[in-house]
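Written below as structure tokens is the structure these notes are about.
Just so it is clear, none of the values below were taken in a lab; they were calculated from the coordinates. What you are looking at is a predicted structure, and each value in this text was computed from that prediction instead of being measured. With ideal geometry, Cβ positions are generated from the backbone for all residues, glycine too; neighbour counts draw on all protein chains shown.
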Amino acid sequence: MKKKPDPSKIPGKGKDVPGELPSENGRKEDSSQKNPNRVEKKTDTLILEVRKLYHRYPHLDENALDNINLKIYKGERVAVLGANGAGKSTLFKHLNGILKPLSGEVLVKGEKVTKKNVRACRETVGIVFQDPDDQVLAPSVEEDVAFGPINMGLPREKVEARVKEALEMVGLSGFEERAPHHLSGGQKKLVAIAGILAMRPEVIVLDEPTAGLDPLSSARILDLIMKMNRELGITLLLSTHDVDVVPYFAERVFVLHHGKLEADGSPEEIFSDPELLRKAHLRLPRVAEVFELLRQEGINAAIQITAESARDEIMRVLGRDTKSAGMK
Ligand SMILES: Nc1ncnc2c1ncn2[C@@H]1O[C@H](COP(=O)(O)OP(=O)(O)OP(=O)(O)O)[C@@H](O)[C@H]1O
Ligand SMILES: [Mg+2]
């Protein structure tokens, strides 16, 4: 397994600017317009920790999770990569006490998750399930999104304000009266995210939020979760097997394989380890594959994983400066 990154070396860490939620009605300016990749609001505060976690489903011989150890810091965006059956959903269900460990522990803000504090933990860590049909159950969108805030004991006016704000954030204002079972898959996912957002958790865990979505819906969900991170300081943990989205989203990547945490590193580190990717049944992002082909042609270009860095590297190889070439 890769060496764990020093938190002080994670971009933006050490600035000690705590993440904050907006006031009930207040919205913040979208700073993403200026620099979409800017990393903000990071601290060295450990928000989630998993120690020596093992899980085994009944009647199975193999562990679904096998000695998982990991740490997540407030404000981070982390992707969990792994093939089908690697253990991503099982891991996520441990993060707010849905599943009980065979052994080991999960700590939320330094406190071990137990039967007694599981409710408080669920207010801190919200999970958007892989299948929205497991989550979106109320007869109307409005009632579904209100479910969490009502359970938290919030007064009616606050519940209404939270529902309105969450639906606005996911772009579903006007859908209040609609029946969730008549919505499309992508819309149902957005309702599930709104339901979690309305509880204003400090950490949002999204299990394959873009799976089964068209490119536009997928980009929309990714934009939304980046916005939640930038504007609300929400810590994000997202599972996927879509390696192409990882460089755009994640500052850190965990690779799961057969229930084991095989690696923990930056996207650059993870995608420069072909042996690891092969072992975990993953592949390089498409952009990086193009660079591999160029290198096979003898072109001395460093492998890139995003379209923007690819443009810069190609311009460098061509002997052209991106700025002087008038690139936007
Ligand atoms: N409820 C269950 N009962 C028994 N075995 C289960 C159960 N849920 C998952 N498993 C098994 O545990 C292992 C890990 O499954 P998990 O759903 O965590 O994988 P995953 O990485 O989320 O996969 P996918 O990408 O397909 O969603 C698999 O071998 C799976 O068959
Ligand atoms: Mg899964």
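Pull up all non-local amide H partners of I127: gap of 5 or more, or a different chain, and H-to-H distance under 5 Å with H placed in the peptide plane.
Here V205 satisfy the definition.
With a point put 7 Å past each Cα toward its Cβ, work out how far E268 is from R295 in nm, to one decimal.
If labels sit at E268 and R295, their model points lie 1.4 nm apart.
Which of K115, K88, K189 comes first, and how do the rest follow, when ranked by fewest Cβ neighbours within 10 Å? List each step's numbers first, then the result.
Working: K115 8, K88 22, K189 30.
Ascending number of Cβ neighbours within 10 Å: K115, K88, K189.
With a ≥ b ≥ c the root eigenvalues of the C-alpha gyration tensor of segment 63-206, is it rounded (a/c under 1.5), prolate (a/b larger than b/c) or oblate? Provide the component values of the computation, followed by the final result.
Values: a/c = 2.17, a/b = 1.56, b/c = 1.39.
Here segment 63-206 falls in the prolate category.
List the residues whose amide H sits under 5 Å from the amide H of L48, counting only those 5 or more places along or on another chain, with H placed 1.01 Å from N in the peptide plane.
I72, K109
Once amide H atoms are built 1.01 Å from N in the peptide plane, which residues 5 or more positions from E76, or in another chain, come under 5 Å H to H?
For E76, the qualifying residues are L236.
With charges set only on the Cβ (+1 for Lys and Arg, -1 for Asp and Glu), what does the dipole of segment 116-165 come to about its Cα centre, in debye to the nearest 20?
The dipole of segment 116-165 has a size of about 400 debye.
Using θ = phi - 60° and the Karplus form 6.51 cos²θ - 1.76 cosθ + 1.60, what ³J(HN,Hα) does each residue of segment 159-175 get, whole Hz, x for Gly and Pro?
4, 4, 5, 5, 5, 4, 5, 5, 5, 4, 4, 8, x, 10, 4, x, 9
Dividing the alpha-carbon Rg of segment 7-267 by 2.2 N^0.38 Å yields what? Before the final figure, lay out the partial values.
Numbers: Rg = 17.6 Å, N = 261, 2.2 N^0.38 = 18.2 Å.
So segment 7-267 has a normalised radius of gyration of 0.97.
Cut-off is 10 Å between beta-carbons; in what order do E251, E289 appear when sorted fewest neighbours first?
Starting with the residue having the fewest Cβ neighbours, the order is E289, E251.
Based on Cβ point charges of +1 for Lys and Arg and -1 for Asp and Glu, what charge dipole magnitude is obtained for segment 7-267 about its Cα centre, in debye rounded to the nearest 20? Numbers along the way, then the final one.
On the way: 37 positive and 38 negative charges, 184 e Å.
For this selection, approximately 880 debye.
Check cross-link reach from K88 to the aspartates and glutamates: straight Cα distance under 16 Å, and skip same-chain residues fewer than eight apart.
In chain and number order, the partners are E49, E62, D66, D131, D207, E208, D242, E262, D264.
Considering only DSSP beta bridges where both residues belong to segment 7-267, give the percentage that are antiparallel (nearest 5).
Working: 18 of 36 bridges.
Antiparallel bridges: around 50 percent, rounded to the nearest 5.
How far apart, in nm, are two points set 7 Å out from the Cα along the Cα-to-Cβ line at D214 and at E143?
Distance between the two pseudo-spin positions: 3.0 nm.
Can you give the net charge of the other residues whose Cβ lies under 14 Å from the Cβ of Q130, counting K and R as +1 and D and E as -1?
Numbers: positive: K88, K93, K188, K189; negative: D131, D133, D134, D207, E208, D242.
That sum, taken over residues with Cβ under 14 Å, equals -2.
Kindly write out, for segment 287-292 in residue order, the coupling ³J(HN,Hα) from the Karplus curve 6.51 cos²θ - 1.76 cosθ + 1.60 (θ = phi - 60°), rounded to whole Hz, with x marking Gly and Pro.
4, 5, 4, 4, 5, 4
Determine the dipole magnitude for segment 107-219: charges of +1 sit on the beta-carbon of Lys and Arg, -1 on that of Asp and Glu, nothing else is charged, the reference point is the Cα centre, and the result goes in debye to the nearest 20. Working shown, then result.
Numbers: 14 positive and 18 negative charges, 124 e Å.
So the dipole magnitude of segment 107-219 works out to roughly 600 debye.
Distance check, please: which entries in K100/K227; K71/K100; K52/K74; K52/K93 exceed 27 angstrom between their Cα atoms?
K100/K227
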